[in-house]
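The values are calculated or read from the model by the stated rules, or taken from the named source; none is laboratory data. All figures in this text were calculated on a predicted structure; none of them were measured in a lab. Heads up, the Cβs are rebuilt from the backbone with ideal geometry, glycines too, and the neighbour counts pull from every protein chain shown. Please note that ligands, DNA and RNA were not included when accessible areas were found on the heavy atoms of the full protein model with its side chains. Shrake-Rupley method; radii C 1.70, N 1.55, O 1.52, S 1.80 Å.
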Amino acid sequence: MKPAKFEYYAPSSIDEALAILGRYDGEGRLLAGGQSLVPMMNFRLAMPKAIIDLNRIAALAYLEEDGEVVRIGSMTRQRRLEFDPLIAAKLPLLREALRWVGHLPTRSRGTIGGSIAHADPSAEIPMVLQTLEGEVVARGPQGERRIPAQDLFHAALTTSLAPLEIITEVRFPAMPAQGGFRNRRGRGDAAT
């Protein structure tokens, strides 16, 4: 099946993306990696009037250490995080979880912000965000707000993000150097 017709935009700034999103008053959808949205559109489970492609907004793809917090731009690809030395040192749980995300093309295109915004309860990245008590930074017409993980996820595929908000950053507290975790999953198991 093919998606229903839609308008396509590729803004180069967050402000431009927010302006376009506002014009469609809840009928526009943000495209990050497209690993969840595109299949939903192909099956016509999602039929937005407009797609706002965030891939040309360079300011949303970064990775920084800020004291005891790791700040990740929402458009940072999962594959980059999987092999980054900062993630290995400060967020080994995230690094391990990323190895279980889909397959190579999924991790190469998928973004950290897109996975979190989709809020799939079986997905690895939202589970790690909750486990490590991280937060997202969202920007909308009312400005910027920080949303702790426990307040972000409401139900399966449902978040507290407003229809006109964009996740701009994901923040994780660094794991203690002596901290650890045990992986008891098998290939194909859902994140729980």
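Note on region 149-176: among residues that are surrounded by fewer than 17 Cβ atoms within 10 Å (Cβ to Cβ) and among the hydroxyl-bearing types (Ser, Thr, Tyr), the one that is farthest from Leu37 (Cα to Cα) is Ser160. Each residue in region 1-13 was checked for being in contact with a helix residue (DSSP H, G or I) (Cβ under 6 Å, 6 or more places away or on another chain) and open to solvent by less than 40 Å² (accessible area, probe 1.4 Å), and 2 of them qualify. The set of residues in region 139-154 that are in contact (Cβ under 8 Å) with a residue 40 or more places away in the chain, within 16 Å of Leu60 (Cα to Cα) and not small (Gly, Ala, Ser) contains only Arg139. Here is the figure for region 31-63: residues that are more than 20 Å from Arg107 (Cβ to Cβ) and of a type in the set (A, V, I, L, M, F, W, C) total 11. Counting only residues that are open to solvent by less than 60 Å² (accessible area, probe 1.4 Å) and either in contact with a strand residue (DSSP E or B) (Cβ under 8 Å, 6 or more places away or on another chain) or among the charged types (D, E, K, R) (or both), region 14-40 holds 12 of them. If we scan region 57-67, do we find a residue that is touching a Leu at 6+ places or on another chain (Cβ under 8 Å), touching a residue at least 24 places away in the same chain (Cβ under 8 Å) and over 24 Å from Arg139 (Cα atoms)? No: region 57-67 contains no residue that is touching a Leu at 6+ places or on another chain (Cβ under 8 Å), touching a residue at least 24 places away in the same chain (Cβ under 8 Å) and over 24 Å from Arg139 (Cα atoms). Restricted to helices (runs of 4 or more DSSP H) entirely inside region 45-148, those with at least 1 residues that are surrounded by fewer than 19 Cβ atoms within 10 Å (Cβ to Cβ) are 78-83, 85-90, 92-98, 104-109, 124-131.
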